[in-house]
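J.: Below you'll find the structure I mean.
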Amino acid sequence: MATFMLSSLFLLLLICCATNSTLVTSSEQSIDYLISSHTVSHAAVEKRSHFRFYWHDKISGPNQTAVRVVDAPEFKKSISTNFSDVYVFDDPLRTGPDKNSKLVGKAKGIYLEDGLYKIELLVAMNFVFTDGKYNGSTIAVIGHNEVLTTVREMPIVGGSGLFRFARGYVQLRTYLYDQKTGYSVVEYNVFVNHY
């Protein structure tokens, strides 16, 4: 009797495990590019972290961190923005607005001016951390930035290292903009969910 109960319990355990770890269900077998599909364990604890740092961007002069790589001057004669300009940047991320505050990483990516009548950017960038336990980890951001709006928001679309499967959003505020030197400081509040 005890052997029968133990065998039944073992069989029930095997059936439960097989049900939860099925890689491809019968309804998914027709998708030839689907390799596996399974329930993600809820044992891993998802965390929400809030970071604040300052993005220092300089588009001209010595120690320039952003470079215009596309310019269409003939088009701009008829509009009041820099529509169609594309910049590549490698900007320091610092703990404060002062350019000598602690460096915690770099913002690397592109922004393009996509507003015909307002200063608007399409931004695609990675925050590449270089400090502490996050060294080597990244957070990927892509979104719309209406520059003259006080508070803007862009989505976090992923990450690497300690930020694998990252999701969330960033809120940004312009702290300083010097039109003469092309130097900007933008405060970023990063709200990221990760494991």
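J.: Take the residues of the range 137-155 that are surrounded by fewer than 17 Cβ atoms within 10 Å (Cβ to Cβ) and out of contact with any Phe, Trp or Tyr (no Cβ under 7 Å at 6 or more places or on another chain): which is nearest to ALA166 (Cα to Cα)?
T.: So, considering only residues that are surrounded by fewer than 17 Cβ atoms within 10 Å (Cβ to Cβ) and out of contact with any Phe, Trp or Tyr (no Cβ under 7 Å at 6 or more places or on another chain), the one nearest to ALA166 (Cα to Cα) is ILE142.
J.: Give me the pairs: first residue in the range 79-104 and outside any loop (DSSP other than H, G, I, E, B), second residue acidic (Asp, Glu) and open to solvent by 40 Å² or more (accessible area, probe 1.4 Å), beta-carbon distance under 8 Å, and six or more apart or on different chains, which are they?
T.: What qualifies is LEU103/ASP131; VAL104/ASP131.
J.: Within the range 156-177, which residues are of a type in the set (A, V, I, L, M, F, W, C) and exposed (fewer than 14 other Cβ atoms within 10 Å of the Cβ)? Even if it seems obvious, please write down each step before you answer.
T.: As a first pass, look at the range 156-177 and keep what is of a type in the set (A, V, I, L, M, F, W, C): 156-157, 162-163, 165-166, 170, 172, 176.
Matches in the range 156-177: PHE165, LEU176.
J.: Regarding GLY105, is this residue within 30 Å of TYR195 (Cβ to Cβ) and under 24 Å from the mean Cα position of the chain (by Cα)? Reasoning before the result, please.
T.: Values: within 30 Å of TYR195 (Cβ to Cβ): yes; under 24 Å from the mean Cα position of the chain (by Cα): yes.
Against the criterion (within 30 Å of TYR195 (Cβ to Cβ) and under 24 Å from the mean Cα position of the chain (by Cα)), GLY105 qualifies.
For every residue, the table says whether it meets (1) touching a strand residue (DSSP E or B) at 6+ places or on another chain (Cβ under 8 Å); (2) farther than 17 Å from ASN193 by Cβ; (3) among the hydrophobic types (A, V, I, L, M, F, W, C).
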| position | (1), (2), (3) |
| --- | --- |
| ALA124 | yes, yes, yes |
| VAL128 | yes, yes, yes |
| SER137 | yes, no, no |
| GLU146 | yes, yes, no |
| VAL151 | yes, yes, yes |
| VAL157 | yes, no, yes |
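The values are calculated or read from the model by the stated rules, or taken from the named source; none is laboratory data. Quick caveat, the model's predicted, so the values are computed rather than measured. Don't worry about glycine lacking a Cβ; one is built from the backbone with ideal geometry, like all the others, and counts go over all protein chains shown. What goes into the accessible areas is simple: the full protein's heavy atoms, side chains included, and nothing from ligands, DNA or RNA. Shrake-Rupley method; radii C 1.70, N 1.55, O 1.52, S 1.80 Å.
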